[in-house]
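Novice: One structure coming up, written as structure tokens, with questions to follow.
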Amino acid sequence: MTIDDDQDHPSAAEAILSNVPGSFPWGVLTQRHPDLIATVRRLVPYPPDIQTSLDQLLVTIAGAIPPLPADAHDHAVWQEWAAPYLDRSWLDVPFLWAESYFYRLLLEATAYFGSGPWAGIDPFAPQKNAELDTPDLARDLADLDRLVTAPDQVGLATALIASLWGNRADLGFRMSDPSAQNKEQVDDLVADDSAVLWRLLDAGAPNQVHLVADNAGRELTADLVLIDRLLATGRAATVTLHLKPHPYYVSDATTADLLQVLRRLEAAAGAAASIADRLRAAISDGRLQVHTHAFWCSPLGFHGLPADLTTELAEATVVIIKGDLNYRRLVGDAHWAPTSSFESLTSYFPAPLVALRTLKSDVAVGVDVDRLAHLEATASGWRTDGTHAVIHVRP
């Protein structure tokens, strides 16, 4: 199966499947997903009927791909998306699609879209909220006092790195000294085009920044710090924060998660609480807008952006795309040569683009030849273990 060579894709590449034992996609479908079902059952006190549905889902993911129930509210659109794959092995269809469909079935099993008492209950909320109660985050929030008093460019650069690494628990924000360069973070950047970003966002210009969020918890906290810095320093006149309209992958950020993070910031002393106050004021006066769109919870690549979303994003000075999943949807979840051009693969996108991504899957593009050779020789798991990252910019 290939991603076709057409105007959206400068070259053809084989779509990533999950049928190679021991591969990263194989491990996600055969190990991580069953573990996730067990975790959801353990952390949320679902009644017997939902527990039974989760047990049935566990059986299903070891067999053939089933249709979504006919009474599901979005049955028609998923029937269209699933038509080529129904009754096939989960391992033999595109990995990106299989992951997405699993999460849709998990929401169905937990009655998220139903009409009963469990409707609208996020099955991943306990895992997301636990991140907001960790000592690591408390330390990060205490360190914000130095960030907001640092010179503007130092604070911006630190906030950008924080947003990039925000859910990497062993690094945190590293904000205790915003003027210091963290060698580990710099060495672990596979590509760093951040200087181009700051040239795009001239201070004092009426810049419209859109940020497409990824994870809740610590990462969303870091995203909000970055947004605050962009607004406070005049690098952005307005920011639009794009969140998921409902739970999707485990950690994906929704509006409910945004409110949780704001409450956590407010509960902290010093700069964190002040950031929360400024963000609330920015939401109230329209400088910070929160948008959701059903497309963010679809199995489609960004080549399939709907017309209304394309029109909205086209007005942006810069669109910041967060996270591994969004990156895969952006360039195509395929076996691209790592030296493939990020700019070419994203030339279809309707606005200047920044990708902040911690690498947690096989897709890799935009890597310098010498850098690639070094990575392959010294860091065998660099594509999937979350220890490396990219800041790609396509002006």
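Novice: Being modelled with pLDDT of 95 or more, among the charged types (D, E, K, R) and surrounded by fewer than 18 Cβ atoms within 10 Å (Cβ to Cβ) narrows it down to one of ARG329, ARG280, so name that one.
Specialist: Within the list ARG329, ARG280, the selection yields ARG280.
Novice: Exactly one of these conditions fails for HIS291: (1) surrounded by fewer than 21 Cβ atoms within 10 Å (Cβ to Cβ); (2) out of contact with any strand residue (DSSP E or B) (no Cβ under 9 Å at 6 or more places or on another chain). Give me its number.
Specialist: Looking at each condition in turn, HIS291 falls short on (2).
Novice: Restricting to the range 354-382, and then to whatever is outside any loop (DSSP other than H, G, I, E, B) and among the hydroxyl-bearing types (Ser, Thr, Tyr), can you tell me which residue is nearest to GLY27 (Cα to Cα)?
Specialist: Once the filter is applied, the top-ranked residue is THR358.
Novice: Contact list please: Cβ distance under 6 Å, first residue in the range 16-31 and closer than 16 Å to GLY63 by Cα, second residue at pLDDT 95 or above and in a loop (DSSP other than H, G, I, E, B), pairs at least six apart or on different chains.
Specialist: Sorted first by the residue in the range 16-31, then by its partner, the pairs are TRP26/SER18; TRP26/VAL20; LEU29/SER18.
Novice: Can you tell me which residue within the range 55-90, out of those that are hydroxyl-bearing (Ser, Thr, Tyr) and touching a Pro at 6+ places or on another chain (Cβ under 9 Å), is nearest to THR110 (Cα to Cα)?
Specialist: Checked the range 55-90; the qualifying residue nearest to THR110 (Cα to Cα) is THR60.
Residue-by-condition table, conditions (1) within 22 Å of the chain's Cα centre (by Cα); (2) under 30 Å from ALA379 (Cα atoms); (3) charged (D, E, K, R); (4) at pLDDT 95 or above:
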{"site": "PHE173", "(1), (2), (3), (4)": "yes, yes, no, no"}
{"site": "LYS183", "(1), (2), (3), (4)": "no, yes, yes, no"}
{"site": "ALA203", "(1), (2), (3), (4)": "no, no, no, no"}
{"site": "LEU226", "(1), (2), (3), (4)": "yes, yes, no, yes"}
{"site": "THR255", "(1), (2), (3), (4)": "yes, no, no, yes"}
{"site": "LEU258", "(1), (2), (3), (4)": "yes, no, no, yes"}
{"site": "GLY270", "(1), (2), (3), (4)": "no, no, no, no"}
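Novice: When LEU313 is evaluated against the numbered criteria (1) modelled with pLDDT under 95; (2) part of a helix (DSSP H, G or I), which criterion, by number, is the only one it fails?
Specialist: All conditions are met except number (1).
Novice: Across the range 232-264, which residue is farthest from ILE121 (Cα to Cα) among those that are in a helix (DSSP H, G or I) and out of contact with any Leu (no Cβ under 7 Å at 6 or more places or on another chain)?
Specialist: Selected residue: ALA232.
Novice: Any residue at all in the range 254-270 that's of a type in the set (Ser, Thr, Tyr) and buried (at least 21 other Cβ atoms within 10 Å of the Cβ)?
Specialist: yes
Novice: Something else about it: For ALA130, work out the one condition from (1) more than 24 Å from PRO299 (Cβ to Cβ); (2) more than 23 Å from the chain's Cα centre (by Cα); (3) of a type in the set (Gly, Ala, Ser) it doesn't fulfil.
Specialist: (2)
Novice: Consider GLY381 carefully, then state whether it is at positive phi and either under 19 Å from the mean Cα position of the chain (by Cα) or at pLDDT below 95 (or both).
Specialist: The answer is no for GLY381.
Novice: May I ask you to list the residues in the range 350-395 that are of a type in the set (Val, Ile, Thr), over 30 Å from PRO306 (Cα atoms) and without any contact (Cβ under 8 Å) to a residue 60 or more places away in the chain?
Specialist: Result: VAL369, THR378.
The values are calculated or read from the model by the stated rules, or taken from the named source; none is laboratory data. Everything numeric in this text was worked out from a predicted model, so none of it was measured. Glycine also receives a Cβ, built like all others from the backbone with ideal geometry; neighbour counts cover every protein chain displayed.
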